[in-house]
Every structure is written in structure tokens, then in C-alpha cells.
1. Tell me the strands (runs of 3 or more DSSP E) entirely within the stretch 164-245 that contain at least 3 residues that are in the same structural domain as residue 136 (by TED's automatic domain parsing), modelled with pLDDT of 95 or more and within 30 Å of residue 132 (Cβ to Cβ).
2. Within the stretch 100-142, can you find the residues that are free of Cβ contacts under 8 Å to residues at least 24 places away in the same chain and under 19 Å from residue 153 (Cα atoms)?
3. What residue, among those in the stretch 351-378 that are touching a strand residue (DSSP E or B) at 6+ places or on another chain (Cβ under 7 Å) and not in a loop (DSSP other than H, G, I, E, B), is surrounded by the fewest Cβ atoms within 10 Å (Cβ to Cβ)?
4. Quick one: which strands (runs of 3 or more DSSP E) sit completely within the stretch 276-350 and have at least 1 residues that are touching a helix residue (DSSP H, G or I) at 6+ places or on another chain (Cβ under 8 Å)?
5. Kindly indicate the residue of the stretch 2-18 that is surrounded by fewer than 17 Cβ atoms within 10 Å (Cβ to Cβ) and not in a helix (DSSP H, G or I) and also modelled with the lowest pLDDT among those meeting that condition.
6. Which condition number does residue 233 fail, the rest of (1) free of Cβ contacts under 8 Å to residues at least 60 places away in the same chain; (2) under 25 Å from residue 300 (Cα atoms); (3) surrounded by fewer than 24 Cβ atoms within 10 Å (Cβ to Cβ) being met?
């Protein structure tokens, strides 16, 4: 179902959905995309892993997003199917030979990330000589200002990054550098440190780079989060880049994921059961759109409906269970819900654009992948943006 409704309430009025649905506001998406395009002094490339829903990627293309960070052949195929001429960066640092072969020969991908010598040798053995191909070295530095640290899995240290840049250049490829400060980065200064280190690596390698990719990490402002304003990140990055790479031919790139799409999507769930001890069971859970609740107590804004009417009254903390026969299927926090909420009512969770449907399973036969369009998005309407 991809119909468009004026609001979530109108969707409920017309469809009375008994399954969970993601409500996508194109207006909210366009507003956030424009914030990035106008505020970030470089190329904005969407990190598809945050949410590969075709409805969303089509909407991003309509908003003017022309570059995409992909991590798999499925994501390559998705982007190419929607935007055949999009700039695709295969920035998963570890790829199989078959994946590289398909990306290069079948989909014409010309940009690849790597962080060790064996990955370079693998790519080089498959692609051979092609001066139009860019190989981007992913590096890391000892810093941890993010909720999810990604440096344990990916990233070359300074010495290896210098070696890799030299190898990439000697093979005749275009050279790039990239890093990722970690998801939900809480310190805009972390980008500054990385950019300064990138300049040191380039100088030590004696190899010019055509792009510096600052990755993602831009945070969403969930309830209770204390974060800098999004513009603070843009300013820190732009100022550091200008000092380190101003006057060069280096292009600045970012790969926002959740922060770009979180605010345009909410998840509408129905209450399947209510107990007297302020406990409800809903038709989505941690094996569906709420996977992050398994390891992070992200607090989403909520509102409730009884039919088309917003449910009001005193709110109290509720234990929220998902629909599966599994005791892990519980939200990590207790949302504040109207005390009189009952079976058959609906609960709408805001800021669900990133890592909601993209990480959902079909455990116990429950699915979490249905989308509808709404003109008035929940988080957008409530002003819960950075």
C-alpha cells in the first residue's frame, strides 16, 4: 500500500490498519534533505543501509539526492534501478570477489573503500588498470564520542593508511580517504580531529586525494538526548576542511543515514492487549522495527489514537511488549502513554526512519515493512528536529 493520506489520523480513519505501518512524509524528508544540502559544504550521499525501502529511496531521488553509499550488491541494484546515473560508492571495506566483480562489471561502480592490503590486492586483481576507478582508504584514530563505535571492525591505522594510499596511487587509481566517527556522534569536534589526521596522512604519503569522505555519525535527537545543533557539525567540518584542504582539488563528501531520514518516518502500531499493570502488547517489536531497543534505550516520541481522535489524559510509564512469543521482545524504556489506553488503540512512534524496517526480521511470522505516505509527518509536525 503506497497511498497518500493527509495525516496519520486520516490513515487510521480510512484504513483502520491492524498491522504496523511506516508513515512517510515527503515534506519532512525534503526539509531535512535541504538542511543537509544547504548546510553541508560538500556532496551529500545517503547511506542506504539506514533504510533501503524503495519508497524512501525514490523520495530521496525526487528531493535531489544524487549520491549513495552502499554496502551490498542488493543496495547497488536498488539504487541503480531507481537512479541509473547515481554516483554509487561501495564503501563497505570488506567485499567478496563476486561482489566486486558484479559491482564493477554489471553495475559500473567506480568507487570502492578498503582498509587493508589484501582488500586492495583483491580489488586490483579483478578491476585491473582503470584510471577512472577510485579507491578510498578508510582510516581510524583513537576517539570515542559516539553511541556506537565502529572502529573495532573497520579502519586502518595511520601507518597502514599511508601505505595503502601509496599502493592505490602506484596502481593508477584515483585516491580518496574516508572515516566514520561512529553512529550518534555526540561531539562535533570529533570530525575536526579526523580531518586534521587525514591531512597528516596525505602529507606523509605524498599522494593527493580527490575526495575526503567524513562518513555519517550525524545524530538524531531522540527524547532526552543532549546534542549539539546539526549546524554545529556542518561548521566544524567545513572549517576544518577549509584549513586542511582549502585550495586543493579535494571534494568533501558526507554519508548521513539516520539523521537524514529519521524525522520523516513514524511507525504506527496497534495495541493487541492491555493489562491492568500498565502493560501493553503491540503488533511490532524488537524483532521488527524496534531492533535497536535490544542494545540501546532510544526513546522515541509517541502519541496515541482512539479511532481518528488523539488519545489524551494523564500519561504514565508503560511496559511495551512486542507480538512474538519471546521474552526479549520488549522495549528497553517505558514510553509515557495515556493511562486509559486500551486494546484496539493505536500508538505512533516518531523518528523511526533509520534502522527501523531496514533491520526487521520475520520472526514468528510478523513483518515490519509496510509503508504509506502522509502529508503531515509526526516528528516533523511536532518540531522534533535537530
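The values are calculated or read from the model by the stated rules, or taken from the named source; none is laboratory data. All values reported here derive from a predicted model rather than from experimental measurement. FYI the Cβ positions are ideal-geometry reconstructions off the backbone, even for glycines, and counts take in every protein chain you see.
1. On the way: elements: 174-178, 183-185, 211-213.
Ranges flagged: 174-178, 211-213.
2. Within the stretch 100-142, 118, 142 meet the criteria.
3. The extreme case among them is 371.
4. Per the criteria, 302-306, 346-349.
5. Step one: list which residues in the stretch 2-18 are surrounded by fewer than 17 Cβ atoms within 10 Å (Cβ to Cβ), which gives 2-4, 6, 10, 13-16, 18.
In the following step, the residues that additionally are not in a helix (DSSP H, G or I) were identified as 2-4, 6, 16, 18.
Details: 2: 68, 3: 84, 4: 94, 6: 96, 16: 96, 18: 96.
If we take residues in the stretch 2-18 being surrounded by fewer than 17 Cβ atoms within 10 Å (Cβ to Cβ) and not in a helix (DSSP H, G or I), then 2 is modelled with the lowest pLDDT.
6. Every listed condition holds for residue 233 apart from (3).
A quick yes/no check of all residues on (1) surrounded by fewer than 20 Cβ atoms within 10 Å (Cβ to Cβ); (2) within 30 Å of residue 30 (Cα to Cα); (3) out of contact with any strand residue (DSSP E or B) (no Cβ under 8 Å at 6 or more places or on another chain):
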position: 67; (1), (2), (3): yes, yes, no
position: 74; (1), (2), (3): yes, yes, yes
position: 84; (1), (2), (3): yes, yes, yes
position: 90; (1), (2), (3): no, yes, no
position: 103; (1), (2), (3): no, yes, no
position: 109; (1), (2), (3): no, yes, no
position: 113; (1), (2), (3): no, yes, no
position: 120; (1), (2), (3): no, no, no
position: 125; (1), (2), (3): yes, no, yes
